[in-house]
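The values are calculated or read from the model by the stated rules, or taken from the named source; none is laboratory data. Quick caveat: nothing in here was measured; it's all calculated off a predicted structure. Cβ: placed from backbone, ideal geometry, glycine included. Neighbour counts: every protein chain shown. Surface areas here come from the heavy atoms of the whole protein model, side chains and all, with no ligands, DNA or RNA. Shrake-Rupley method; radii C 1.70, N 1.55, O 1.52, S 1.80 Å.
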Amino acid sequence: MTSLMQANEARSAKRHKTESIKDTFDAAEAWDRLIGYSKNGYASISDDDKDFVLKSFGIFDRPATPERFMLRVRIAGGSLSVEQAMAVAYTATTFGQDYIDLTTRQQIELRYLRIEDMPEVYKRLEDVGLTGYQTGVDNFRNILIDPLDGLAMDNIISCRNIMEEIQSIFLKNPDWITTLPRKFNIGINGSLSNRCNIFGQDFALSLAQKDGIYGFNLYLGGRVGSLAHNANMFVLPTEAVKVFEAVATLFKTYGFRDNRNKNRLKFLIEAVGMDEFRKAIEEQLGQTMATAGESLTALEGGDHYGKISLNNGSFALYSAVPSGVFSGTDLRHAAEIAQSQNGEIRLTIEQNLIITGVHDEESALRSPLFIKYPNRPSPYMANLIACAGSEHCPFGVIPGKPDAISMSEYLAQTVPMEDGKIRLYWSACVKGCGVHGAGDLGFVGCKVPRNGKTVLGVDIFIGGTLSGEGGEAHLLLKGVVLEEAKEYVAELMCEYRDLKLPKESLENFIQRLQTRYSNYAIAFLMRWNRLMNLQELDTHLHFNLKSHGGNHKESDELYTFGLMMVHTITGTRAYDVDEPLLEGKKPFGFESKSLEGRYLPYKSIIEKMVHPNPMNRYQVFTEIVSDIEKIQNDI
């Protein structure tokens, strides 16, 4: 443990002010204060309690809804019985303006709650085995598992019992309530598919096998913008709980408590190295652990809409809830279906809902639930995530949910598709609650300068994956005006629609695309094609995926695009040889008299793209983007 002690000492000169609040925190005393606040009203609540203490019970003050609170309800593994669903539905309709958010941690958030009603709200939830305890601030958050755990055909290890054992260690235990250096996310996946964003967690156990035995590989240190890293440790199901206890104890004891932006488990591991942290786990356990086995989480992740066959002979019916915008009435309808089918409700990390145990599909699909939230939606709506956004969160830069839904509606009309799988993940700010880094395309709210003013915008990311050991998305387009973002995305969706293989998901299409083109080239095609649409010109670029992988050299990609533009405009090749410089060819030039007037502003740009001497061409995409922006400003 020496290295951990040294790392902790190096970061212990200062402590963040919240640590003083945590030092004096007592859950029973804090709950008594909450009861007092419910009697004396909103004005009686202290600032420290509003800003921090009440969040230990999942109660969040929201300035966007003055004197009304959000309550985050812990739904272990996203599983709701009929009784629990009915209780939540009643609470939402009676106390919370019939509003519910389904979240990316398989939870439910109730909004518009008064402090006066909070004790009764809490009692109704506790009576059916639900709670808001430790769903905020520096606590172990809701544990994620496969929403079809124990039921899916590809579920090898049922993880519910492991999840419940781990939860029993910390839930409502004074030793663990708001005592961690920072929040701590946990995931356990025993399936071949990653339906629970397993590699985005601080502590992740992902299905693996070693020497013919099924178990888990341990991954540690995931957070927004950074996937969890392989700890090179194979964990048997019987070892999972004690391995969690060891990691949790190390984090609580040695985790940093100074800079809250750098206090997650990731930073402790980075300070000492994964090998040293692994040794510390073994020392804490008092035993040697096996090295990692073969990862088995290889199948494509995310939600799959329609009807899903289960291993007990029944079916699961998926209900698409775009951006997780739901209601108590909707939840009651879901509970009624589950009750009639003798099933239950499972919530997904993509903010959707699944009814399990279905035997009579026809009657279930007649429910108001599936009329409002289709079982077979547009691909643009099926895997759509958006965080709370500026309407409900003080950190939100953009509205988020309405933006996500608006874009998906636009894409469904502009580039209709029936058989694609498209994961669009929206975060309203850089905190990343919409897990944008895991999306095929991710969107992060930002502010953008436009004509001397500051307007709402998004940074667009590409290439997040849930397959294999996951992959983090990378920046594609920075500072796109929010209302224009859908037009850029539509251009990429046209390429996906026209070039995808049968049943190919956008995730796999992007992976195939990125073997041939750089992200700079992908972004340029989106920019250029949108510009051509605005100018009502026909010089659209298209990807060529029939050739072998490209070298990702920007100057070569620009040259190839230029040749394509020349051919589209003139109907002929710019050069009749493949190596014009070696053959002594003169630089290509358009005949201005025959060139349609609307192309004239772009004449010199295209000519530079196809100059026979590579040194005289554009070398990088930022050069040509800058020149195009100058032209647009002059038009």
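Computed quantities for the displayed model
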quantity: All positions within region 429-446 that are of a type in the set (A, V, I, L, M), under 13 Å from residue 475 (Cβ atoms) and open to solvent by 10 Å² or more (accessible area, probe 1.4 Å); calculated: 430
quantity: Filtered residues of region 574-617 (kept if under 19 Å from residue 531 (Cα atoms) and either of a type outside the set (D, E, K, R) or touching an Asp or Glu at 6+ places or on another chain (Cβ under 9 Å) (or both)); calculated: 595, 597, 598, 599, 600, 601, 602, 604, 605, 606, 608, 609
quantity: Residue under evaluation residue 568, criteria (1) of a type in the set (Ser, Thr, Tyr); (2) over 34 Å from the mean Cα position of the chain (by Cα); (3) in a helix (DSSP H, G or I); (4) crowded, with 17+ Cβ neighbours inside 10 Å, criterion not met; calculated: (4)
quantity: Sole residue being surrounded by fewer than 17 Cβ atoms within 10 Å (Cβ to Cβ) and touching a residue at least 40 places away in the same chain (Cβ under 8 Å), chosen from 456, 506, 482, 499; calculated: 499
quantity: Residue within region 43-65 that is among the aliphatic types (A, V, I, L, M), open to solvent by 40 Å² or more (accessible area, probe 1.4 Å) and over 29 Å from the mean Cα position of the chain (by Cα) present; calculated: yes
quantity: Total residues in region 497-520, condition of a type in the set (Phe, Trp, Tyr) and more than 21 Å from the chain's Cα centre (by Cα); calculated: 2
quantity: Residue match in region 513-522 (condition: open to solvent by less than 30 Å² (accessible area, probe 1.4 Å) and over 29 Å from residue 606 (Cα atoms)); calculated: no
quantity: Every residue from region 198-250 that is over 24 Å from the mean Cα position of the chain (by Cα) and either at pLDDT below 95 or outside any helix (DSSP H, G or I) (or both); calculated: 209, 210, 211, 212, 213, 214, 215, 232, 233, 234, 235, 236
quantity: Cβ pairs under 6 Å, 6+ apart, first in region 601-613 and under 11 Å from residue 587 (Cβ atoms) and aliphatic (A, V, I, L, M), second part of a loop (DSSP other than H, G, I, E, B) and open to solvent by 10 Å² or more (accessible area, probe 1.4 Å); calculated: 610/574; 610/588
quantity: Within region 345-425, helices (runs of 4 or more DSSP H) holding 1 or more residues that are in contact with a Cys (Cβ under 6 Å, 6 or more places away or on another chain) and either of a type in the set (Ser, Thr, Tyr) or surrounded by fewer than 19 Cβ atoms within 10 Å (Cβ to Cβ) (or both); calculated: none
quantity: Single match in 612, 587, 601 (criterion: closer than 19 Å to residue 539 by Cα and either surrounded by 13 or more Cβ atoms within 10 Å (Cβ to Cβ) or within 41 Å of the chain's Cα centre (by Cα) (or both)); calculated: 601
quantity: Qualifying residues in region 460-478 (those that are open to solvent by 30 Å² or more (accessible area, probe 1.4 Å) and either of a type in the set (A, V, I, L, M) or without any contact (Cβ under 8 Å) to a residue 40 or more places away in the chain (or both)) - the one farthest from residue 403 (Cα to Cα); calculated: 475
quantity: Any hit, region 40-50, residues being touching a Leu at 6+ places or on another chain (Cβ under 9 Å) and under 30 Å from residue 196 (Cβ atoms); calculated: no
quantity: Residue in region 16-25 that is surrounded by 13 or more Cβ atoms within 10 Å (Cβ to Cβ) and without any contact (Cβ under 8 Å) to a residue 40 or more places away in the chain present; calculated: yes
quantity: Residue that is surrounded by the most Cβ atoms within 10 Å (Cβ to Cβ) [pool: residues in region 311-344 that are within 17 Å of residue 88 (Cβ to Cβ) and hydroxyl-bearing (Ser, Thr, Tyr)]; calculated: 319
quantity: Selected residue [within 23 Å of residue 488 (Cα to Cα) and open to solvent by less than 50 Å² (accessible area, probe 1.4 Å)] from 629, 623, 554, 607; calculated: 554
quantity: Matching residues, region 251-290, being closer than 21 Å to residue 140 by Cβ, small (Gly, Ala, Ser) and either open to solvent by 10 Å² or more (accessible area, probe 1.4 Å) or not in a loop (DSSP other than H, G, I, E, B) (or both); calculated: 280
quantity: Which numbered condition residue 128 fails, given (1) touching an Asp or Glu at 6+ places or on another chain (Cβ under 7 Å); (2) over 30 Å from residue 342 (Cα atoms); (3) touching a residue at least 40 places away in the same chain (Cβ under 8 Å); calculated: (2)
quantity: The lone exception for residue 113 - which of (1) within 25 Å of the chain's Cα centre (by Cα); (2) of a type in the set (A, V, I, L, M, F, W, C); (3) open to solvent by less than 10 Å² (accessible area, probe 1.4 Å) it fails; calculated: (1)
quantity: Where residue 171 falls short, out of the listed (1) surrounded by fewer than 22 Cβ atoms within 10 Å (Cβ to Cβ); (2) closer than 18 Å to residue 435 by Cα; calculated: (2)
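So that you can scan it fast, the table gives a plain yes or no per residue for (1) of a type outside the set (S, T, N, Q); (2) open to solvent by 20 Å² or more (accessible area, probe 1.4 Å); (3) more than 23 Å from residue 329 (Cβ to Cβ); (4) not in a loop (DSSP other than H, G, I, E, B):
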residue: 90; (1), (2), (3), (4): yes, yes, no, yes
residue: 97; (1), (2), (3), (4): no, yes, no, no
residue: 142; (1), (2), (3), (4): no, no, yes, no
residue: 150; (1), (2), (3), (4): yes, yes, yes, no
residue: 165; (1), (2), (3), (4): yes, yes, yes, yes
